[in-house]
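The values are calculated or read from the model by the stated rules, or taken from the named source; none is laboratory data. Predicted model only: the values in this text are computed from it and were never measured. Don't worry about glycine lacking a Cβ; one is built from the backbone with ideal geometry, like all the others, and counts go over all protein chains shown. For accessibility, only protein heavy atoms count, side chains too; no ligands or nucleic acids. Shrake-Rupley method; radii C 1.70, N 1.55, O 1.52, S 1.80 Å.
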Amino acid sequence: MTRYRVFTGKGDEDIDKVAEVHLEYYKEIFKDDFIGNYDKVKRVLEYKPDTIFLLYKDDILVGFTEITLNDLYGNIKPYLEVEQMYIKPEFRSKMTIGNMFALTCLVSRANGDIPIAGNTIMTSSNVKNNIRAGGTKYSETFVFNPTENLKSRRFYDRAIKLWERNNKNESEE
């Protein structure tokens, strides 16, 4: 039997399990770049009540999705943002993935059928799921890494020099 529930933060009965699953997720996504640990992940989760939805199969925690309502205090049309979505590898199937998307749709419906935005890392297998669900590309994310990319380094150095020059002129006045 599949069931969902909302994670309640610091006092949640499954906080240790939720921290373990998040740790698995971060290690899978960020691989060697991940520098966190269990204690840091758990500490962050303690202050994230009511945004993380947990998916259970029978009584086993198999995954989670973090969904936030983004309305920028009424300045834009509201939308749900899927911050993270993860299913343990041994439970990944069309049915389980479908349940995660259904959960997101239920949250959207409960909020007046507002649009859903999902950020997905380019190498994620979830990209094809977003397309299958009728998602359209809304934006792209670019990473400028001055330690690994010469063009980024030049831009970075030029921007800092310009700021320093402008800041120096302002402080002399």
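Which ones in segment 61-78 are in contact (Cβ under 8 Å) with a residue 12 or more places away in the chain and open to solvent by 60 Å² or more (accessible area, probe 1.4 Å)?
Across segment 61-78, the qualifying residues are 69, 77.
Cβ contacts < 8 Å: first residue of a type in the set (Phe, Trp, Tyr), restricted to segment 30-55; second residue open to solvent by 60 Å² or more (accessible area, probe 1.4 Å), any location; separation 6+ or different chain. Result?
Close Cβ pairs satisfying both conditions: 34/27; 38/20; 47/10; 53/4.
What tally of residues in segment 29-56 results from selecting those that are closer than 26 Å to residue 106 by Cβ and open to solvent by less than 70 Å² (accessible area, probe 1.4 Å)?
11
When you look at residue 99, is it modelled with pLDDT under 85, open to solvent by less than 60 Å² (accessible area, probe 1.4 Å) and under 21 Å from residue 26 (Cβ atoms), yes or no?
no
Kindly provide the set of residues from segment 1-13 that are exposed (fewer than 12 other Cβ atoms within 10 Å of the Cβ) and in contact (Cβ under 8 Å) with a residue 12 or more places away in the chain, ordered by number.
1, 3
Considering only segment 102-124, state which residues are among the β-branched types (Val, Ile, Thr) and at pLDDT below 85.
Result: 120, 121, 123.
Scan segment 65-81 residue by residue and report those that are within 18 Å of residue 22 (Cα to Cα) and in contact with a helix residue (DSSP H, G or I) (Cβ under 6 Å, 6 or more places away or on another chain).
65, 67
Name the pairs whose Cβ atoms lie under 6 Å apart, with the first residue in segment 14-26 and farther than 13 Å from residue 48 by Cβ, the second open to solvent by less than 70 Å² (accessible area, probe 1.4 Å) and β-branched (Val, Ile, Thr), and 6 or more positions between them or separate chains?
23/41
Could you count how many residues in segment 1-16 are under 19 Å from residue 83 (Cα atoms) and touching a strand residue (DSSP E or B) at 6+ places or on another chain (Cβ under 7 Å)?
4
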